[in-house]
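Trainee: Before I ask anything, here is the structure I am working with.
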Amino acid sequence: MGSTLTVDNIVGATTAGNVKLPAGCVLQTVQTAKTDTFIGSSSSFADITGFSVVITPKYNNSKIMIYTTMTGEVQNDTFCAQFRLVRGSTAVGIGDAHGSAPRGSFHIDSYPTNATGSLSMITASFHFMDSPATTSATTYKVQGMVHSGSGNFYVGRNESDNNGATGPGRYPSIITAMEIAQ
């Protein structure tokens, strides 16, 4: 037979903010919605302005689940744009080293949608569980780079950015950080 515990409020014996919850519980969630656009052309990883979130973990052993999603496009003469998740100044959630290949978290390709070579906007999502081992304010951000070619990548918009009713429109880039009890 199961048991039921019904309470109106849980208060810690010494400090209400320090009630220890079971492993796997979400302790807090913070989110940033970047609603403006960004154009990148760097051939090395560089910050995407405003695509970051700050979380201050309650416990040193907590894990932080990061979710990112963005919609964008790559210019015709660019092979692809690569993106990576960064905690402070340390890349996390990236692929293994392989020669001189960039180590990213996710990417968008420039592949044509028709015979004229026009491109399609892509929505890319990524998530990663990090172990920052700190109770200090921690910044997670997304950086991007043009992997090859000489063009730009676009975040939140397409290359032509047509503002008419038939254009593809504009889209937010979202980054969410959730502290998970251990």
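The values are calculated or read from the model by the stated rules, or taken from the named source; none is laboratory data. Predicted model, so just to flag it, every value in this text is computed and none were measured. Cβ coordinates were reconstructed from backbone atoms using ideal geometry, including for glycine residues, and neighbour counts include every protein chain displayed.
Trainee: Those residues that are surrounded by fewer than 23 Cβ atoms within 10 Å (Cβ to Cβ) and either without any contact (Cβ under 8 Å) to a residue 60 or more places away in the chain or of a type in the set (Phe, Trp, Tyr) (or both), I need them from the range 52-83; list them, please.
Mentor: Tyr59, Tyr67, Phe79
Trainee: Here is a list of conditions, (1) among the small types (Gly, Ala, Ser); (2) at pLDDT below 95; (3) surrounded by 14 or more Cβ atoms within 10 Å (Cβ to Cβ), and Ala115 meets all of them except one; can you say which number that is?
Mentor: Of (1) among the small types (Gly, Ala, Ser); (2) at pLDDT below 95; (3) surrounded by 14 or more Cβ atoms within 10 Å (Cβ to Cβ), only one is false for Ala115: (3).
Yes/no per residue for (1) part of a strand (DSSP E or B); (2) more than 14 Å from the chain's Cα centre (by Cα); (3) β-branched (Val, Ile, Thr):
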{"site": "Gly24", "(1), (2), (3)": "no, yes, no"}
{"site": "Thr32", "(1), (2), (3)": "yes, no, yes"}
{"site": "Asp47", "(1), (2), (3)": "yes, no, no"}
{"site": "Ser52", "(1), (2), (3)": "yes, no, no"}
{"site": "Asn60", "(1), (2), (3)": "no, yes, no"}
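Trainee: Just checking, how many residues over the range 118-130 are surrounded by 13 or more Cβ atoms within 10 Å (Cβ to Cβ) and modelled with pLDDT of 95 or more?
Mentor: Within the range 118-130, residues that are surrounded by 13 or more Cβ atoms within 10 Å (Cβ to Cβ) and modelled with pLDDT of 95 or more number 4.
Trainee: Let me ask something else about it. Is there any pair with a first residue in the range 167-179 that is more than 30 Å from Ser136 (Cα to Cα) and a second that is of a type in the set (S, T, N, Q) and assigned to a strand (DSSP E or B) whose Cβ atoms are under 6 Å apart and which are 6 or more apart or on different chains, and what are they?
Mentor: Tyr171/Thr71
Trainee: Sticking with this one: Would you pick out the residues in the range 85-102 that are touching a strand residue (DSSP E or B) at 6+ places or on another chain (Cβ under 7 Å) and either assigned to a loop (DSSP other than H, G, I, E, B) or farther than 25 Å from Ile55 by Cα (or both)? Give the derivation first.
Mentor: First pass over the range 85-102, keeping only residues touching a strand residue (DSSP E or B) at 6+ places or on another chain (Cβ under 7 Å): 85-88, 91-94, 102.
Within the range 85-102, Gly88, Gly93, Ile94, Pro102 qualify.
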